[in-house]
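FYI, it's all coordinate maths here, none of it is from the lab. Predicted, not measured: the structure shown is a model, and the values here were computed from it. Counting neighbours? That spans all protein chains shown, and the Cβs are built from the backbone with ideal geometry, glycine included.
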């Protein structure tokens, strides 16, 4: 269970998050939407302790990770898998070495067992046979899939996705959406997706949180959000640059 | 009273010094817990030690030759030609060998470490490491620091030997100095303690290069500009720190040797 209480964060005196509070239950799938630069990725990084808030609490299974020593945080992070916006694959390693990284560091497995697990998870993300490729040889979509394979290979309880479909064409985006749903259902993981892609939010999220003006502006089931008559929500969902155009 | 700009610079410098001290403490804790990634340690020894051979050997050889020639030109005036290699030996062992080796490695390795870690930072690879429950200090800093501590003394020893030999060859073949006395005087006035001082300095400079390179990389600004600046600062900061540290180490070790 993830709980955020009254979270505040600013960078160089510029406030990014103010009084953000929400709760995500185990096994729930939540999409956090909002405009570019609204602080979605910053919020996501707080959930795994990659950023520390200026004030407020982040609780993982009831344990506060705020101001927790980095070495103690490592233990908490083993509950998480995170898929980064650009994949964040280690470019000096092959795909197999990237995917096996967490297994090699934290689990005592034989090389044969590691190879079996890596091949299995690459099959799940539709990347079979890419073990020996370097990240530079992969397309954007393949890199995100490889990043997802690395995040789920050790079967975490929670998977965080940072803009998983940004920069991908609609067909590849669709396949990534399907993959996230498949991973959610197959591994029964808690899923948190940060996105400004409405289709991704609708497909993957069982609940949608909208971040606007530094706080959670709206929260509800996807149908409620996408059918909302609130002008701010409407403007974002419809993708209208000028709110006045909506009146025309 | 300092003007605001100078005040800000002093403040920044003190903050950075504190952060490097915290990084050094983290590294010590990691080494004591023996969380060393052996495969990476071996690769880093290869990268820092083996790949720096040519630059260090060329530096050592030409420094030895120039020092030998200059010393000869002065000593020849007072008929002390055969003392030339003794001066070269002492200088190379305790000062020029460790300092010039460290400066060359700071330019090559310190900058490369900052660029690699900086690129990892701006492409979120450091965050990915942390998300994979791996401490960046354990995985990135410790292998580089230990490798630099191992490689620098070996490289320095090579630079010293090549420098003295190159100076001997130039002295005998080009300057026409009598070889037996030249070599004998070098052995007479160059003591084991000079070599030990040089190696202790090299060990310390290895730590300075790796620690500053890692610090600059891990804290670099965003984008290509940030990585570029971190790379330059790593090389410049490490070089200046080495030169300042050399002065104090020379004083301290000179006093210690005097007490023995």
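Summary table
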item	result
Estimated translational D of segment B:1-89 in µm²/s (Stokes, Kirkwood radius over Cα pairs; 37 °C; 0.692 mPa s)	179 µm²/s
Contact order normalised by residue count of segment B:38-254, Cα under 8 Å, 6+ apart, percent	37 percent
Over the protein assembly as shown: helical MRE at 222 nm, DSSP H runs n ≥ 4 each giving -39500 (n - 2.57), nearest 500	-18500 deg cm²/dmol
Footprinting exposure proxy for A:223, B:124 (fewest neighbouring C-beta atoms within 10 Å first)	A:223, B:124
Residue-span extension gain [residue A:11 to residue A:36] - 0.36 nm each, minus C-alpha spacing	7.4 nm
C-alpha long axis of helix B:111-122 to longest principal axis of chain B, angle in °	0 degrees
Cβ-derived FRET efficiency at R0 41 Å, residue B:225 paired with residue B:188, nearest 0.05	0.15
Shape category assigned to segment A:97-166 from the gyration tensor of Cα positions, a/c cut at 1.5	oblate
Rounded D (µm²/s) - the protein assembly as shown, Kirkwood Rh over Cα pairs, Stokes-Einstein at 4 °C, 1.567 mPa s	49 µm²/s
Cα-projected label distance for residue A:187 with residue B:169, points at 7 Å along beta-carbon direction, nm	6.0 nm
Calculated diffusion of segment A:129-248, Stokes-Einstein form, Kirkwood radius summed over Cα pairs, 25 °C and 0.890 mPa s, µm²/s	154 µm²/s
Least to most buried among A:177, A:91, A:185, A:69 (fewest other Cβ within 10 Å first)	A:69, A:185, A:91, A:177
Sorted by Cβ density within 10 Å, fewest first, the residues B:10, B:99, B:193	B:10, B:193, B:99
Per residue convex hull volume, Cα atoms of segment B:156-260, in Å³	131 Å³
Residue list for segment A:165-194, given a label point 7 angstrom along the Cα-to-Cβ vector of residue A:206 and an amide N cut-off under 18 Å	A:178-194
Rough spin-label spacing in nm, given labels placed 7 Å along Cα→Cβ, for residue A:54 and residue B:12	2.2 nm
Potential extension, residue B:196-residue B:22 segment - 0.36 nm per residue separation minus Cα distance	59.7 nm
Cα-Cα pairs of segment B:80-150 separated by more than 21 Å (percent)	49 percent
Spin-label proximity, residue A:71 to segment B:23-41 - amide N less than 13 Å from point 7 Å beyond Cα toward beta carbon	B:25-36
Angle in degrees between helix B:223-259 and the longest Cα principal axis of chain B, rounded to the nearest 10	50 degrees
Anisotropy class of segment B:160-216 from Cα gyration tensor, a/c 1.5 cut	oblate
Kirkwood hydrodynamic radius of chain A, Cα pairs, Å	18.8 Å
Cα-based equivalent ellipsoid, chain B: semi-axes from gyration tensor eigenvalues, Å	39, 20, 17
Relative contact order (percent, whole number), chain A, Cα cutoff 8 Å, 6+ residue spacing	25 percent
For segment A:92-138, the fraction of alpha-carbon pairs in successive 10 Å shells from zero, as %	29, 56, 15
With Cα atoms, 0 to 90° folded angle of helix A:95-106 axis to chain A main axis	90 degrees
Sites residue A:230 and residue B:51 - FRET efficiency at Förster radius 56 Å, r taken between beta-carbons, to 0.05	0.40
Potential extension, residue A:25-residue A:61 segment - 0.36 nm per residue separation minus Cα distance	12.0 nm
Three-way shape label, segment A:65-204, alpha-carbon gyration tensor, a/c 1.5	oblate
Estimated FRET transfer efficiency (residue B:181, residue B:62; beta-carbon r; R0 35 Å; 0.05)	0.90
